[in-house]
Amino acid sequence: MKRITVFCGSNSGSNPLFKTQAIDLGKELATRKMELVYGGGKTGLMGAVADGALDNGGKVTGVLPGFMKIKELEHEGVTEIITVDTMHQRKSIMYSLGDAIIVLPGGFGTMDEMFEALTWAQLALHCKPVALLNTAGYYNNLLKFIDTMIDNSFLKEEYRNLFIVESEIDKLFDKITNFVPIDNEKWFELKVK
């Protein structure tokens, strides 16, 4: 794997561990010689993961809609910035550039990005690992809700294996490296290998 797409909040959240682990993830990507692809912002966890990579010699590509650039939210220290017109273009480019996706804590935007990546995996539009870094148990309630979806027959039980959940960065990378996509060609022909 050469590039990892990271989705995360533009705020730092209330727990200092969120920012610490974002910085550590950026550093780990640089150490592993993996390029970071992210939303291009300088604030919150986005800025923290980018700084963690850049401060340790990593390569960072940011994808930012023009309206955010106008509001001066762009991280000007990244290796490359790709400016797009819409949020949809941003997500599409970020998905296409990464060999795997890591999701840190975040709000509505992060959830939108994560669920779209999972939906595309469910539809066999990609077979990339999608991993949640469950910092300080941030995603525990979401995981319970996914169990509720399964219990109520809105989601097949095997789709729980579409994504990886881990709270430690090194274990997360072990699981990403060893990820085997579910056999999901029963209903859809796999479009991307």
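Readers should treat all values here as calculations from the given coordinates under stated rules, not as data from a laboratory. Just so you know, these numbers come straight off a predicted model, no measurement behind them. Cβ: placed from backbone, ideal geometry, glycine included. Neighbour counts: every protein chain shown.
Taking 0.36 nm per residue of sequence separation and removing the Cα-Cα distance, the SER14/ASP174 pair yields an extension gain of 54.8 nm. Counting only chymotrypsin sites (Phe, Trp or Tyr not before Pro) that sit in a DSSP loop (anything but H, G, I, E, B) with at most 14 other Cβ atoms within 10 Å, what is the longest stretch of the chain containing none of them? Counting at most 14 other Cβ atoms within 10 Å as exposed, the longest clean stretch of the chain is 1-153.
With the simple model of a label 7 Å out from the Cα in the direction of the Cβ, SER153 to ALA136 spans 4.0 nm.
Using a 10 angstrom Cβ neighbour count of at most 16 plus a DSSP loop assignment to flag exposed GluC sites (Glu not before Pro), which longest range of the chain is free of such sites?
Working: sites that count: GLU72, GLU76, GLU168, GLU185, GLU189.
Answer from the scan: 77-167.
For region 80-125 and region 4-54, what is the separation of their Cα centres, given in Å? Their Cα centres are 15 Å away from one another.
Evaluated at q = 0.18, 0.19 Å⁻¹, the base-10 log of the normalised Debye intensity for the chain, with identical point scatterers placed on the Cα atoms, takes the values -1.24, -1.37.
Using the Cβ atoms and a cut-off under 10 Å, what net charge is assigned to the surroundings of ILE150, where Lys and Arg are +1 and Asp and Glu are -1?
Working: positive: LYS156, ARG160; negative: ASP147, ASP151, GLU157, GLU158.
Result for the neighbourhood of ILE150: -2.
The angle separating the long axis of helix 44-54 from the principal Cα axis of greatest extent in the chain is about 70 degrees.
Need one number: % antiparallel among DSSP beta bridges in region 3-176, to the nearest 5.
Working: 1 of 23 bridges.
Antiparallel: roughly 5 percent of the beta bridges in region 3-176.
With a simple spin-label model that places each label point 7 Å from the Cα along the Cα-to-Cβ direction, the separation between LYS144 and GLU116 comes to 2.9 nm.
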